[in-house]
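For reference, the structure discussed in these notes is given below.
The values are calculated or read from the model by the stated rules, or taken from the named source; none is laboratory data. Small disclaimer: the values here were computed from a predicted structure and weren't measured. We place every Cβ from the backbone using ideal geometry, glycine too, and count neighbours over all the protein chains shown. Keep in mind that these areas ignore ligands, DNA and RNA; they rest on the heavy atoms of the full protein, side chains included. Shrake-Rupley method; radii C 1.70, N 1.55, O 1.52, S 1.80 Å.
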Amino acid sequence: HLAVSLRGVTKTYDNGVMALGPLDLAVRKGEFISLLGPSGCGKSTVLRIIAELSAPSSGIVRVARHEGEVQPGQVLPGHGIGFVFQEPTLMPWTSVRENVWLPLKLAGVPKADARARADQALVSVGLADFADSFPRELSGGMKMRVSLARALVTDPEILLMDEPFAALDEITRFRLNNDLLALWRALGKTVIFVTHSVFESVYLSQRVVVMTARPGRIQADIRIETVEP
Ligand code: ADP
Ligand code: ADP
């Protein structure tokens, strides 16, 4: 079963920049893939197209969403998808818990339920004790964990991560890699992970998809055989 299927997808921005394609990419449910390629090759564009934050210029996009728990009339773009950016983009004036429950609030989930699930998401990223803290009190790695909890709180089928750890120091980054892997094994999400790091792509994923320079096309699609610990 496929989580994402892109067929013949191209993207030309309004300013005439041909960013993508044509590109074919199929991602199976539960798969963890990395997208690797030079800056500007269209990796973020691929993620934005999958999340419906950007429309392809041509081609067919299919995304298998997990449709639960949204009030009728409240289906938002990107529903069924968790998105993590390099910048954690947390709201500074609200607590960590409120930052995490925001997507549930937008989806119309009752407050008590939303609160419980936000706390559970914070447990899953190792921040159970920081629900009442404010983002400014947290380190960069912890802010990224909050961002990850916020992306997971709706229990999405697909997690899109756009160079999430690029701004973190090496040790924090390695810890987050390990925790992300453990989460992926526990939750069984489909993950599409954009990175500039060859090490990170091979360490984390089952499959590394390498893109060419602009316009981004697929240059290599490499299966990683991981030796189970
Ligand atoms: P990557 O994530 O691989 O660095 P992007 O998908 O961000 O690449 O960008 C691909 C190309 O499209 C780049 O040349 C970038 O400058 C251009 N681009 C990205 N977003 C826009 C936009 N909103 N308008 C115009 N050009 C864009
Ligand atoms: P990254 O390499 O991390 O993907 P970029 O610098 O390519 O980051 O893009 C950062 C943001 O700026 C994106 O939201 C993208 O849509 C926008 N952007 C990039 N290039 C352009 C452009 N030429 N014109 C307008 N927006 C752009």
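Table for the structure above
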| read-out | value |
| --- | --- |
| ASP24 versus LEU187: modelled label distance in nm, points set 7 Å from Cα along the beta carbon direction | 3.1 nm |
| The chain - convex hull of alpha carbons, volume per residue in Å³ | 134 Å³ |
| Sequence-distant lysines (8 or more away, or on other chains) whose Cα lies within less than 17 Å of LYS189 | LYS29 |
| Amide N proximity, segment 1-36 versus ALA55 label position 7 Å along Cα-to-Cβ, cut-off under 20 Å | 5-23 |
| Angle between the chain longest axis and helix 111-124 axis [Cα atoms, degrees, rounded to 10] | 70 degrees |
| Angle in degrees between helix 170-187 and the longest Cα principal axis of the chain, rounded to the nearest 10 | 90 degrees |
| Carbon plus sulfur fraction of accessible area for the chain, probe 1.4 Å, in percent | 54 percent |
| DSSP beta bridges in the chain [antiparallel fraction, %, rounded to 5] | 45 percent |
| Folded to 0 to 90 degrees: helix 96-106 orientation relative to the chain principal axis, Cα | 70 degrees |
| Antiparallel content of DSSP bridges confined to segment 130-229, in %, to 5 | 50 percent |
| Phi-based couplings in Hz for segment 192-207 (Karplus 6.51, -1.76, 1.60; Gly and Pro marked x) | 10, 10, 8, 8, 9, 9, 4, 4, 4, 5, 6, 5, 8, 9, 8, 7 |
| Per residue solvent-accessible surface (Å²) - the chain, probe of 1.4 Å | 49 Å² |
| Set of aspartates and glutamates with alpha-carbon distance to LYS43 below 14 Å, sequence-local pairs under 8 removed | ASP24, ASP162, GLU163 |
| Peptides 134-145, 7-18 ordered by average Cβ neighbours within 10 Å, highest first | 134-145, 7-18 |
